[in-house]
Ligand SMILES: CC(C)(COP(=O)(O)OP(=O)(O)OC[C@H]1O[C@@H](n2cnc3c(N)ncnc32)[C@H](O)[C@@H]1OP(=O)(O)O)[C@@H](O)C(=O)NCCC(=O)NCCS
């Protein structure tokens, strides 16, 4: 049974393998991380851990029984009870409800572990899969997202009130 775990130093090589194996798949719907991300992966990874330690972000990985990473689910800019959600799921498990179930789980954890009351997420108009994930996880449209928000594409901001 895959488990959603908070990012730790020991997961670096599994996260890199996930990003490399799915780079082209992700780049078909969201902006590519760029060669710089891969060239300086360890520095970037350590910087993310420091941001997490400081409480600015909370990074989660969905880990399979064999230790491989199936997905990344991240909470950015945690402030005043709100954070921005981002996620990506491995191509090899696409279309099986992994993103939907994990976003739902993270919504629960966002309240319990991080005291959040609201989550926001932006997705482009052409990312139908992500729009479906957000709608099924209880997010509602909340205004336009600009190309600056979405790496060059226009889209929509979604919001979910986490309070029961
Ligand atoms: C978006 C993403 C996370 C979805 O992951 P997933 O685990 O395959 O998602 P789920 O299986 O939970 O749900 C996907 C839904 O979109 C639907 N879908 C998939 N591709 C679609 C398409 N091209 N058009 C319309 N619907 C589509 C699926 O049928 C499913 O809906 P259903 O459950 O009603 O059948 C994954 O495709 C991904 O990582 N994409 C690249 C990164 C990305 O776009 N991240 C989101 C940034 S906002």
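Judged by the gyration tensor of its Cα atoms, with axes a ≥ b ≥ c, the stretch 110-164 is prolate; a/c meets the 1.5 cut and a/b is the larger of a/b and b/c. Mean separation of Cα pairs under 8 Å and 6 or more residues apart, divided by the residue count, gives the stretch 1-72 a relative contact order of 53 percent. For residue 53 and residue 101, the difference between the fully extended length at 0.36 nm per residue and the C-alpha to C-alpha distance is 14.7 nm.
Only Cα pairs under 8 Å and 6+ residues apart enter the sum, and on that basis the relative contact order of the stretch 1-136 stands at 22 percent.
Most simply put, the chain has about 90% antiparallel DSSP beta bridges, counting only bridges with both residues inside it.
The stretch between residue 118 and residue 20 holds 32.1 nm of extra length on full extension. This uses 0.36 nm per residue minus the Cα-Cα distance. When the helices of the chain are scored as -39500 (n - 2.57) per DSSP H run of n ≥ 4 and the total is divided over every residue, the value at 222 nm lands at -10500 deg cm²/dmol.
Between rounded, prolate and oblate, where does the chain land on the alpha carbon gyration tensor, with a ≥ b ≥ c its root eigenvalues, rounded for a/c under 1.5, else prolate if a/b exceeds b/c? Note, shape of the chain comes out rounded.
Please identify, among 50, 145, 110, the residue showing maximal mean-square fluctuation in a Gaussian network model of the chain using a 10 angstrom Cα cutoff. Greatest mean-square fluctuation among the candidates belongs to 50.
Tell me whether the stretch 41-127 comes out rounded, prolate or oblate; compute the Cα gyration tensor, take square roots of the eigenvalues as a ≥ b ≥ c, and use a/c under 1.5 as the rounded threshold. Since a/c reaches 1.5 but b/c is at least a/b, the shape of the stretch 41-127 is classed as oblate.
Read-outs throughout are calculated quantities, based only on the coordinates presented, and are distinct from any laboratory measurement. Remember, it's a predicted structure, so these values are computed and weren't measured experimentally.
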